[in-house]
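The values are calculated or read from the model by the stated rules, or taken from the named source; none is laboratory data. Please read all numbers here as calculations on a predicted model, not as lab measurements. We place every Cβ from the backbone using ideal geometry, glycine too, and count neighbours over all the protein chains shown. For the accessible areas, the whole protein counts, side chains as well, though only heavy atoms, and no ligand, DNA or RNA atoms are used. Shrake-Rupley method; radii C 1.70, N 1.55, O 1.52, S 1.80 Å.
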Amino acid sequence: MVPRVSSSSVVRLSRVLKTYRVGSTDVKALDDITLAIPANRFSIVIGASGSGKTTLLNLIGCIDTATDGAVEVCEEDVTRLSDDRLADFRSRHIGFIFQNFSLVPVLTAYENVEYPLILLGMTVASRRQHAMAMLEAVGLAEHAHRFPNELSGGQKQRVAIARALVKRPTLVLADEPTANLDSVTGASIIALMRRVQAELNTTFIFASHDAQLISHADDIFAIRDGALLEHRMETEQ
Amino acid sequence: MNLLLKIVLRNILRNRRRSIMTGSAVAAGSLALLLFGGFTSYIFSGLETGNVQRNGHLTVFHSGYFLFGEGNPAAYGIAHYRGVMELIHDDPILRPMINVMTPTQSVLGIAGNFTGTVDASKTFLGIGIVPSDRERMRGWDPYDTRAVNGLDRRMADSEESVGLLGLGMARVLGLCGPLRLKDCPPAPDTAAAQTPGTSAVNREVLDLADRDTGEHPNAAQGEPRIQLLAATADGAPNIVSLTVAGVEQQGVRELDDNYVIMDLPLAQQLVYGRGEHKVTGIVLQLARTRDMPAARARLAALIRQHRLPLEIRGFGELNPFYGQVVRLFSGIFLFMTLVMGMIVLFAVVNTMTMNVMERTNEIGTTRALGVRRQGIRRQFLMEGMLIGAIGAAVGSLLAIALSLAVNHAGLTWVPPGNANPIPLRVDVLGKPGLISGAWLGLVLVATLAALLPANRAARLSVVDALRHV
Ligand SMILES: Nc1ncnc2c1ncn2[C@@H]1O[C@H](COP(=O)(O)OP(=O)(O)O)[C@@H](O)[C@H]1O
Ligand SMILES: [Mg+2]
C-alpha cells in the first residue's frame, strides 16, 4: 500500500521505528511506519492489543520519541524539540483523552477543564467562559464543582473530553477512551466525541481494538505487530 | 487561588494521615529545638548575669597579674589607680557604656578564729570590695533572671572591718553556731581538738594580733570576729581583724571553703600596710554585654595611649567555667539540631517518595497536558516545604505555649556554679531569632528532603508515568 500524503495532513510519520529494550533484546513496537493523518477528520487507529496503537499515539502526541524516522506534527519537526519546548507544544496543540480518564483527583471537574487554559496563560475571565462553555457542551455544567471521585466513569470521560478540547487544540488523541466504560456509556462517549469533533472541526485520532467502532470513523488506520496494514478512507472529503 | 498552591494544599489534605505524621515529626523537631534552645539561652543568660554581677564585664589588671599574680597579689598592684579610674570615667566613649566601675583588691593569707573554745585557722582567699558598688553590681539583671532578690546590707562603705565569708570557710572556722547558720554542722570532737592558742601557727597569729591591735580577739561582742594574717608587699607580716556579718555561699566548693569578702580599705591595709594603697583590679560592669568588644577596644586604646602597664580581661577569661558551660550546651544543642534535622529529613523524604509514587499517573497526565518538568518539581518541592512550614509553625506555637506554662509553674533550679536556686525559665518567646531560625532551618530541611523525590518525579518519562496505574 502506498501512503497518501495529503497537503492538509496534521501528522506525518515517515519510516518511524520504535523499539523498547526489554532485558537484552529489542522489542519492535512500531516498525517502519509511514503515514499522514488528514486534518479536521475523525481517524481511528485500529489493532489488536499490543499491536502498537498506544505507542503510535504517544509519538504523535509528542510524549514519546521515535527510535528512528521523522515525526512531523502541525508542520513542526517534533523530533528536534527540547523537552520543555515539547511540553509547550503539547500545551498549545494537543489534547489527550485517556482510557483511565486521568483527571487530577484533587481538582473539581471545572478546575480540571480549566487546567490547560492556565498552562496557556489565559486570563481568569476567559478561562471561566471557555471552561463553562465546554462543560456545558459535554452536558456536565451542573456537576462543575464535583471532584472526580464524585463522578461516574462516563461523566469522568466527559470531563476529560472537555479538558482535551477546551483549548481548541489542533489535534485530539484518544487512546481507547471507551475501554473502561460499559457499551451504552461507551457509545454515548463516541457520539459525543464525534459531535464535538464536527462542531469544533478538530482533528481526532482515536485508538481502539474494537472493530465495531470502524463505522464511526472518517479514516481508518489498521496496524498489526507495529506495522501499518492499511489506510482506508470511509467517507470522501 | 494559585493552581499550584491549590493542588499542593489539597494533596496534603488528601493524604491527611501521612501529612500529619510527617508534620508531627517536623513539629516535634521544632518543639525540641525551641524548648532546649530556650532553656539553653536562659542558662546562658543566668550564667552571664551571675558572672557579670560578681566580676563585671571587664577587669583591668596590672600586666602579668592574670597569668602570674594570683600567688602574690601584692606584687601586682595597680599604682595610682584612682587616676586610671578617672581616665576611664572621663572617657566620652566608655562613660555611657559603664554601669559600675569599682576597684578590688585580692589578698591571700591565713584566717583564724580564736573565740571561746574554738581554735581554728586556715588559709583564705580574700577580696576587698566597695560594698555600695557591689550592691549596684548585684542589681544588674537585663535578662530579668531575678537571681538576686533584695539588697544585701550586711556590709557598708562606712564599716571597714565588716565582711562576709564563704559558707565552707565559716564552717571550718567554727562559726556555724555563732552565725546561726543552717546546713552547717559544727566540727566533730576529734583527738586533735585543741585549746585556744596551742598550735604553733595560731600562737604566732595570736601574738601578732595582740601586738598589732592591742586587744584580745576574744573580747569581741555580738558578731564573731576573725583574724586575717597576710604578708605585705614588702614581705612583713600584717594582721587585721574582721567582723563576720554573715556568709555568702559560693557555687564552687574550692572558693566557698576559702572565701573572705571584706571592705577594700581593709584589704588594702592588709596587703600594703602603711605603703601606697594600690588595687588588684578595676572592674567595669557595662550596662549591656554586647558593648563588651567596643569597651574593651577603647580601654586597650586608652592603655596604649597612656603607656600604662595594664591588661584587660573579660569575665569569660576570669571564669573559664562560663565558656565551658556555653560550649557544652552549645554542643548538645548542635547535636540535637543534627538529630532533629535527620529525623525531619527522613520523614519528609519518605512521605514525598510515597506521594510521588502514588501520583505517578497524575504526573504523566499533567506532563501530557503541557506541564514542564520544572512544574512537576516545583509542585513536590512546595509540598515538602509546606509540610515543613506548617509542622514547624505548629511546633513553634506548642513550644511557646509550653514555655509559658513552665515559666508560670514557679519552678526553680540551681544553675551550674551557682549557690542559690533561681526561677526556672524557658525563654522561647523572648528569642524571636531562635524561633525564626528553627522555623527556617526546618523548612529548609523539609524542602531539601523533598528535592530528591521531586527530581525523580520531574525526570519520569511521560509515557512510563502514564503506564503506571
Ligand atoms: N515501556 C515498554 N517497555 C517494553 N515494551 C513495551 C513498552 N511499551 C510498549 N511495549 C511493547 O510494545 C508493543 C506495543 O505496545 P502498545 O503500543 O501499548 O500496544 P497497544 O496500545 O496497541 O496495546 C507491545 O508488544 C508492548 O509489549
Ligand atoms: Mg494501548
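Miscellaneous remarks
- For the criterion of being within 16 Å of ligand 2 (Cβ to nearest atom), of a type in the set (Gly, Ala, Ser) and modelled with pLDDT under 90, A:ALA211 passes.
- In the stretch B:260-304, the residues that are under 26 Å from the mean Cα position of the chain (by Cα) and assigned to a strand (DSSP E or B): B:VAL260, B:ILE261, B:MET262, B:GLY281, B:ILE282, B:VAL283, B:LEU284, B:GLN285, B:LEU286
- Condition met for B:HIS89 (at pLDDT 90 or above and open to solvent by 20 Å² or more (accessible area, probe 1.4 Å)): yes
- Pairing each residue of the stretch B:126-138 that is at positive phi with any residue that is surrounded by fewer than 19 Cβ atoms within 10 Å (Cβ to Cβ), provided the two are 6+ apart or on different chains, yields no C-beta distance under 7 Å.
- Checking the stretch B:355-365 against the condition returns a match, with at least one residue being within 14 Å of chain A (Cβ to nearest Cβ) and among the small types (Gly, Ala, Ser).
- Strands (runs of 3 or more DSSP E) lying entirely in the stretch A:155-237 (those with 3 or more residues that are farther than 17 Å from A:PRO38 by Cα, polar (S, T, N, Q) and within 16 Å of ligand 1 (Cβ to nearest atom)): none
- Of everything in the stretch B:98-120 that is of a type in the set (Ser, Thr, Tyr) and modelled with pLDDT under 85, the residue that is farthest from B:ILE282 (Cα to Cα) is B:THR117.
- Residues of the stretch B:53-83 that turn out to be at pLDDT 90 or above, part of a helix (DSSP H, G or I) and in the same structural domain as B:LEU264 (by TED's automatic domain parsing), as a count: 3
- Residue check for A:ASP218: open to solvent by 10 Å² or more (accessible area, probe 1.4 Å), within 16 Å of ligand 2 (Cβ to nearest atom) and not hydroxyl-bearing (Ser, Thr, Tyr): no
- Restricting A:ASP182, A:ASP175 to those that are open to solvent by 60 Å² or more (accessible area, probe 1.4 Å) and either within 16 Å of ligand 2 (Cβ to nearest atom) or acidic (Asp, Glu) (or both) reduces the list to A:ASP182.
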